[in-house]
Structures are given as C-alpha cells and as structure tokens.
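All remarks here apply to the structure that follows.
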Amino acid sequence: MGILVGSLLCALAGVGVGSFLLPLKFSRNWRWENSWLVGAFFMYALLPLIGLWLLIPNFAQIYRETPPKAIGMIYVFGLLQGTGAYIFTYGTTLLGLSLGYALMISCIALFGLLVPLFGAHLDRVAELDGITLLVGAVLLVIGFAYAGRAGLCREAEQKKGEAQTGPHKKINIPLVVVIVLWSGCANALYYFTFEFQQSMKPIAVDQFHVPLYKWGFLNVLPFFLGMFTINLVLTMIKMAKDGSLRNYWAVSNLGREYFLGISIGVLWYLGQGVAYPAGHALLGPLGVPVGAALFMGMIMVVSNIVGVRTGEWKGVSVKTLRILYTSLFFLVLAMMVIGVGNYLQQ
C-alpha cells in the first residue's frame, strides 16, 4: 500500500510543479521577476519553515545533532539549484510553457533519474525495479523528444503566420542551449541531496523517532533557503537594472499581482516541498530515481495540457497536435511501466 501511496504523491507533486508558473500568464502590471521573487519567498522560505515546524516541531534539535558539514552541503546544493530555478523561469517566458518544459524537464529528468541509479544503486540495475526504471527512462526520453518536436513545429507554424498576427519573437538558439543545459544540471541537485546527504536520517528516525515519510522534509529547509538566497540576489540585481523594483508599490491592481505571485509559491511548494518528499520515501530502495521519474513525467503531462488550455497551441496544424498527443502517450506509458515495476519488485 505504501508503494501505491508514494507513487500517487509523486504524481500529484508533478501536477503542482507542472502548473506552478501558470499565474505568470495572467500577470499584467508586473515583470516576471516581480512575480517570481514573491513566489520564491513563499515557496523557499516561509512555507517550508511553517511546514517543517508543523510536521517535526523539534527540527532545530535534529539540526544541532547533525554534522554542520552536512547542513552546509545541503545549503550549497540549494544555492546551485537556485540559479537553475531562476533560469528555468526565464526559459519558460522565452520559450513558452510547453516547449520550455519539454527541453528543460528532459535534462532535469535524465540527471535526476540516471545519476542516483548508477551512482548509488548499481546493484538494482539487474532487478525488476531497476530494469523497468531504465525502460521507463527510454520511454520518457521518447516522450520528451516528441514534446520538443511538437514545440519546434508550433514555432515554425506560428512564424508563417506572423504577417497576419504581428511580429513573432525570435528565439536565440545558443542562449536556449545554455539555458536548457544549466537548468538540467542545476535543477537535478534536489534529488542528490536525498541520496547523498543521509547523515540526518538515522538521527531523525532512530534518535528522535521521526516517521520515515517525514524525514525527507529535514533536507528541505536548508536546501530551499539556499535557493531563496541566490534567487533574492539575482532578482534584486535584475530589478535594479530594469527599474522594476518600484512595481511592488507603484502599479495598479497590486492585490491581484501579489495574489498571483503567492499562487506561484503555493503551487510549487505543495508539489515539490510536500508531496514529493513524502512520496519518494515510500517507494522502496529506488525511491529517489523512481520518484523523480514519476514526478518529471507528470510535470510534462500537466505543463503540456496547461499550454494547450492557455492558447499556446492555438492555430497549429492537426499534425503538430498529433505529435504533442503522442508525447503525452509515451509519458503516461513510461510512468505506468516505472510505477508497476517498482510495485511488483517490492
């Protein structure tokens, strides 16, 4: 039963993260960095602190018992991934939700799935859960490839119609390559903290009797604080450069803009800060890579559905939509193969 619950939680986490940037579509008076910083404060600082206090009231005592080096490394991982999260958000404004998620999530998934498997669980590769994880990884790559192909076709078709619809935004290919690669590398560090920063687990579980499904939340706070630190620095620099800091008090409909910014943080935190840490701990020995695969696959499914519903695919051909739906088929199939294989193995 725990395997099924864990799989469901990881999938639900993907729903939250797959849709968390949707509020940016409805922002009218703020720049993207204004909304992002408000969301970052809630998702990386305020909500993780409240959530950890509610789940593990004696978390500060556990931190004191943990070697400082472990806490420091988790914070450093957060600093590095914070740059990836910042770049990821910029990438979606540049490429759109569908194409941006397709390119960047594919990189993140490959790093977050394969590195923990081959780096920490090589003995599981020949087992049923390891085999189905690799088969699912191949299916995920196929699904990502179709999603990227659909996005490129959409781009080409929309360029043809720019004479009727107005100037079309030109994509800087070298910039896109840098964004995708760095976003993929940096955003995968979250999963590495669960795999390689294990020193808190025996302290929390054995000494303080923290339930297994809760211990992963202890990694979250120092990691997310690292992410908030770097995002605060980067967004403040950008707002100072662009003169957009004054948007926090000098534009109309401030209540609406703050609500949208907070929504970004709430959606992301419920997914990656609550559902994923609880879910992956219930998935057995390969919880980190299996959880990452289910999580990333669902992110792609949801982000593409959101892209369709918000008009990103309006006016494209039936052939392009067929490519998009083919990607969704492979993504769902991959999650089924990985989830069923892991369940049968356990």
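One table, with the values for the structure above:
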{"item": "Relative contact order, percent, the range 218-335 [alpha-carbon distance under 8 Å, six or more residues apart]", "result": "18 percent"}
{"item": "Phi to ³J(HN,Hα) by Karplus 6.51 cos²θ - 1.76 cosθ + 1.60 over the range 179-184, Hz, x for Gly, Pro", "result": "4, 5, 5, 5, 4, x"}
{"item": "Shape call, the range 240-343: gyration tensor on alpha carbons, a/c limit 1.5", "result": "oblate"}
{"item": "Net charge, Trp30 excluded, C-beta distance under 15 Å - Lys, Arg +1, Asp, Glu -1", "result": "+3"}
{"item": "Residue-level accessible surface for Val38, protein heavy atoms, 1.4 Å, Å²", "result": "20 Å²"}
{"item": "Whether the range 18-60 is rounded, prolate or oblate, judged on the alpha carbon gyration tensor where a/c under 1.5 counts as rounded", "result": "prolate"}
{"item": "Charged-residue dipole, Cβ positions (Lys, Arg, Asp, Glu), the range 195-281 about Cα centre, Debye nearest 20", "result": "220 debye"}
{"item": "Computed label-point distance, nm, for sites Val233 and Lys25 using a 7 Å Cα→Cβ extension", "result": "3.4 nm"}
{"item": "Probe 1.4 Å, all protein chains present, accessible-area order of Arg309, Arg64, Arg246, largest first", "result": "Arg309, Arg64, Arg246"}
{"item": "Compactness of the chain - radius of gyration and Dmax, Cα, Å", "result": "20.1, 68"}
{"item": "Distant-in-sequence amide H partners of Val251 (H built 1.01 Å from N, under 5 Å)", "result": "none"}
{"item": "Inter-site label distance for Phe259 and Leu181 at 7 Å from Cα along Cβ, in nm", "result": "4.3 nm"}
{"item": "Order by protection proxy (mean Cβ within 10 Å, highest first), peptides 230-238, 295-303, 106-114", "result": "295-303, 106-114, 230-238"}
{"item": "Whether the range 9-162 is rounded, prolate or oblate, judged on the alpha carbon gyration tensor where a/c under 1.5 counts as rounded", "result": "oblate"}
{"item": "Solvent accessible area, Å² - Glu157, 1.4 Å probe, full protein context", "result": "60 Å²"}
{"item": "Computed E for Tyr325/Val205 - FRET, C-beta separation, R0 25 angstrom, nearest 0.05", "result": "0.05"}
{"item": "Lysine pairs in the chain with Cα atoms under 28 Å, if 8 or more residues apart or on separate chains", "result": "27"}
{"item": "Calculated from backbone phi, Karplus (6.51, -1.76, 1.60) coupling profile of the range 31-46 in Hz, x at Gly/Pro", "result": "6, 4, 5, 5, 5, 5, 5, 4, x, 5, 4, 6, 6, 9, 10, 5"}
{"item": "Karplus (6.51, -1.76, 1.60) ³J(HN,Hα), θ = phi - 60°, over the range 288-298, in Hz, Gly and Pro reported as x", "result": "5, x, 5, x, 4, 5, 5, 4, 5, x, 5"}
{"item": "Residue with peak Gaussian network fluctuation, the chain [Cα springs, cutoff 10 Å], from Ala293, Ala156, Ala186", "result": "Ala156"}
{"item": "Only Lys, Arg (+1) and Asp, Glu (-1) charged, at Cβ; the range 225-346 dipole about Cα centre in debye", "result": "340 debye"}
{"item": "Distance in nm between pseudo-label sites at Ile131 and Val251 (7 Å out along the Cβ direction from Cα)", "result": "5.5 nm"}
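The values are calculated or read from the model by the stated rules, or taken from the named source; none is laboratory data. Keep in mind that this is a model prediction, so the values were computed, not measured. Don't worry about glycine lacking a Cβ; one is built from the backbone with ideal geometry, like all the others, and counts go over all protein chains shown. Quick note on the areas: whole protein, heavy atoms, side chains included, nothing else; ligands and nucleic acids left out. Shrake-Rupley method; radii C 1.70, N 1.55, O 1.52, S 1.80 Å.
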